[in-house]
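Okay, structure first, notes after.
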Amino acid sequence: MEQNVFAKNREKLLGRMADNAVAVLFAGQAPYKRGDEKYPFSPDRNFYYVTGIDQEDSILLLAQTEADVRQTLFIRRDNGDLAKWVGANMEAKEAQEISGIMKIAYIDEFEREFAEVVFKNNLKTVCLDLENRDWNADFYPALKFAQEVQKRYPSMQIEDLYPVFGDLRLIKEEWELERMRKAMDITRLGIEEMMRQAKAGMKEYEVEAHFDYILTKNGVRQKAFQTIVAGGRRGTILHYAENNQPVCDGELILIDAGAQVDWYNGDISRTFPINGKFSQRQKLVYHIVLEGQKKVIDAIRPGVPFSDLNEILKEHYFHALREIGLVEKKEDVAKYYYHGVSHYLGAETHDIGRYIKRDLQPGMVLTVEPGLYIEEWEIGIRIEDDVLVTEDGCEVMTAAMIKTVEEIEAFMAKGE
């Protein structure tokens with residue numbers, strides 16, 4: 001079944017490519033930390049989307065010619081005695097079974113085959129994933145290959161596949177949703193365990209350890225991102241991740257966490273009092289955030305402009321914060337709320353796809369994560385759920401995760 005979904009994704013990609021073109025996609029490689037130790041490998045998600053292969057150094061070649069379509073997957077050769085140290089490289093048969101690609105070759109054969117395909121078919125276009133967010137970032141394999149192509153084939157056109165993948169991956173299929181639901185459920189269990197074990201005076205990393213335990217217990221070896229466990233004033237720092245300070249009695253603790261299952265992610269945020277009871281001021285702000293989230297979720301349906309979601313929240317915040325004396329003008333809201341309410345979610349936590357001039361469509365998965373960050377009150381609150389756009393509205397995929405004041409206080413009072 002799995003190879004069928006990856007074959008289907010290759011067909012989608014081929015349908016978006018020009019005729020007489022060749023696409024080359026790279027799995028990537030884990031960088032070295034120091035010496036012979038590497039960072040954990042994480043496959044390029046666009047490569048994975050069309051192959052299902054998560055072994056580094058792999059390459060996919062898709063050639064769409066006048067005569068036929070050629071699909072070749074290049075993998076590492078047998079690593080011989082090195083297998084005793086690091087494990088055996090993937091065999092051709094296994095690569096075929098996972099990807100559904102029958103022609104398996106080896107990395108050292110790639111350049112010869114690429115040149116042969118281009119020459120014999122007089123191909124004029126090479127398609128590469130040229131995502132590049134940072135001007136100063138190191139050149140990754142696709143950018144290096146683009147340079148080589150321009151030197152060796154100066155008349156060849158280079159087309160960027162990144163926007164194509166942004167469109168293809170935006171609409172999730174059932175196999176993707178299954179992985180995400182599992183990741184979300186394990187994330188929920190981990191956050192519940194943090195809430196269950198949290199006590200005043202604990203260090204943030206002690207609380208985080210309970211999340212890590214639940215993930216490992218459930219067979220999860222990767223997180224969607226570095227867990228945020230922020231107590232008190234630190235909850236007003238959006239991406240605080242040091243997680244090394246004590247959380248004092250009476251403070252809130254903001255959790256933003258996600259498990260990753262088969263390269264697909266969950267992403268949930270919850271904020272709760274370390275001692276199990278909200279103060280009146282904390283409860284006031286919490287209700288404002290929760291009501292804002294409800295208004296945004298209620299608005300999600302096909303055809304709604306993505307940008308409308310954030311405007312709905314800002315309008316709600318303006319009226320609510322003005323009522324309690326924190327703002328006078330709408331632009332003042334930015335002092336206490338300074339991020340977007342939503343992002344796409346999938347094989348990347350901030351999944352790819354255009355936001356500007358984009359209307360919601362069935363099959364999209366997005367987060368809804370309103371927050372308020374009131375530093376002078378030492379209150380940072382974010383409530384985040386993962387939402388699937390359906391044919392007639394939406395489904396809150398993380399609805400099983402408790403989030404009202406009453407639910408949180410009751411859960412923590414049990415201490416189970």
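Filtering G303, G258, G276, G266 for residues that are among the small types (G, A, S) and either over 29 Å from the mean Cα position of the chain (by Cα) or more than 25 Å from A399 (Cβ to Cβ) (or both) leaves a single hit, G276. Remark: pairs (first residue in segment 308-319, without any contact (Cβ under 8 Å) to a residue 40 or more places away in the chain; second residue assigned to a helix (DSSP H, G or I) and surrounded by fewer than 18 Cβ atoms within 10 Å (Cβ to Cβ); Cβ separation under 6 Å; 6+ apart in sequence or on different chains) = I312/K295; I312/A299; H316/K295; F318/K330. Only one of the listed residues (K182, K172) is assigned to a loop (DSSP other than H, G, I, E, B), within 30 Å of M397 (Cβ to Cβ) and modelled with pLDDT of 95 or more. That residue is K172. Residues in segment 119-138 that are part of a loop (DSSP other than H, G, I, E, B) and surrounded by 15 or more Cβ atoms within 10 Å (Cβ to Cβ) were compared, and the one that is nearest to the chain's Cα centre (by Cα) is E131. When restricted to residues that are aromatic (F, W, Y), free of Cβ contacts under 8 Å to residues at least 60 places away in the same chain and surrounded by 13 or more Cβ atoms within 10 Å (Cβ to Cβ), segment 139-157 contains 1. Being more than 27 Å from V247 (Cα to Cα) and modelled with pLDDT of 95 or more holds for only one residue in E406, E323, E384, and it is E323. The residue that is surrounded by the fewest Cβ atoms within 10 Å (Cβ to Cβ), among those in segment 20-42 that are over 24 Å from E97 (Cβ atoms) and modelled with pLDDT of 90 or more, is N20.
Highlighted here are the strands (runs of 3 or more DSSP E) found entirely within segment 20-99 that include at least 1 residues which are under 20 Å from V164 (Cβ atoms) and among the aliphatic types (A, V, I, L, M): 21-26, 59-64, 69-75. From the list M17, M1, M90, the one residue that fits, being farther than 24 Å from I171 by Cβ, among the hydrophobic types (A, V, I, L, M, F, W, C) and modelled with pLDDT under 95, is M90. Only one entry of V365, V327, V333 meets the criterion of being within 30 Å of F47 (Cβ to Cβ) and surrounded by 16 or more Cβ atoms within 10 Å (Cβ to Cβ), and that entry is V365. For beta carbons closer than 6 Å, sequence separation of 6+ or different chains, a first residue in segment 212-230 that is touching a residue at least 60 places away in the same chain (Cβ under 8 Å) and within 15 Å of A347 (Cα to Cα) and a second that is assigned to a loop (DSSP other than H, G, I, E, B) and among the β-branched types (V, I, T), the qualifying pairs are A224/T349; F225/T349. For segment 195-224, filtered to residues that are in contact with a Ser or Thr (Cβ under 9 Å, 6 or more places away or on another chain) and within 19 Å of L252 (Cβ to Cβ), the residue that is surrounded by the most Cβ atoms within 10 Å (Cβ to Cβ) is F211.
The residues listed here are V368, V396, V387; of these, the one that is in contact with a Leu (Cβ under 7 Å, 6 or more places away or on another chain), farther than 17 Å from F272 by Cβ and not basic (K, R) is V387.
Scanning segment 370-379 finds one or more residues that are within 20 Å of the chain's Cα centre (by Cα) and under 23 Å from H287 (Cβ atoms). Tallying residues that are touching a residue at least 60 places away in the same chain (Cβ under 8 Å) and either over 13 Å from V207 (Cβ atoms) or polar (S, T, N, Q) (or both) within segment 236-263 yields 9.
Restricting attention to segment 197-239, the residues that are more than 20 Å from I381 (Cβ to Cβ) and either assigned to a helix (DSSP H, G or I) or not assigned by TED's automatic domain parsing to the domain that holds G346 (or both) total 11. When segment 27-49 is filtered for residues that are in contact with a Lys or Arg (Cβ under 9 Å, 6 or more places away or on another chain) and not charged (D, E, K, R), the ones remaining, listed by number, are Q29, A30, P31, Y32, Y39, P40, N46, Y49. In contact with a strand residue (DSSP E or B) (Cβ under 6 Å, 6 or more places away or on another chain) and either surrounded by fewer than 19 Cβ atoms within 10 Å (Cβ to Cβ) or over 23 Å from V261 (Cα atoms) (or both) - does that describe any residue in segment 163-172? So far as segment 163-172 goes, no, none of its residues is in contact with a strand residue (DSSP E or B) (Cβ under 6 Å, 6 or more places away or on another chain) and either surrounded by fewer than 19 Cβ atoms within 10 Å (Cβ to Cβ) or over 23 Å from V261 (Cα atoms) (or both). Screening V285, V341, V296 for residues that are surrounded by 19 or more Cβ atoms within 10 Å (Cβ to Cβ) and without any contact (Cβ under 8 Å) to a residue 60 or more places away in the chain leaves exactly one candidate, V341.
The values are calculated or read from the model by the stated rules, or taken from the named source; none is laboratory data. Given the structure is predicted, the values throughout are model-derived calculations rather than measurements. Note that each Cβ is placed from the backbone with ideal geometry, even for glycine, and that neighbours are counted across all protein chains shown.
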